[in-house]
Amino acid sequence: MVNFFAAAAASWGVAMALAPLLQIHKIRRSGSSANVSLGYQQVLFVGFLLWLSYGIAADNLALIIPNTVSLLVCGTNIAITLRYR
């Protein structure tokens, strides 16, 4: 049962990690990131980095995979937000 929940949580975590792509799409379409909070994204980035570090230390793929994707997407979101400011 634990493995089932680990797989389900990791899968949903990847879906959640990809959700900011919707924001990136909106920024690129409108040509502006004026309504996007950069501070919020930076807090998330640090959180994903910490959870990824913990997952690596615990050798837990259910934490490593979604937080790696989250970190990459969040970093991209920050870069796009800065580019369109």
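Among Val14, Val46, Val36, which is within 23 Å of Arg83 (Cα to Cα), of a type in the set (Val, Ile, Thr) and not in a loop (DSSP other than H, G, I, E, B)?
Going through Val14, Val46, Val36 in turn, the sole match is Val46.
Residues in segment 54-85 that are at pLDDT below 95 and over 17 Å from Ser11 (Cα atoms): Arg85 alone. Would you mind finding the one in Ala62, Ala8 that is assigned to a helix (DSSP H, G or I) and either touching a Pro at 6+ places or on another chain (Cβ under 6 Å) or surrounded by 17 or more Cβ atoms within 10 Å (Cβ to Cβ) (or both)? Answer to the check: Ala62. Only one of the numbered conditions (1) crowded, with 19+ Cβ neighbours inside 10 Å; (2) out of contact with any Pro (no Cβ under 8 Å at 6 or more places or on another chain); (3) of a type in the set (Gly, Ala, Ser) is not met by Ala17, and that is (2).
The values are calculated or read from the model by the stated rules, or taken from the named source; none is laboratory data. As the structure is a computational prediction, the values presented were derived from the model and not from experiment. Every residue, glycine as well, gets a Cβ built from its backbone with ideal geometry; the counts of neighbours run over all protein chains shown.
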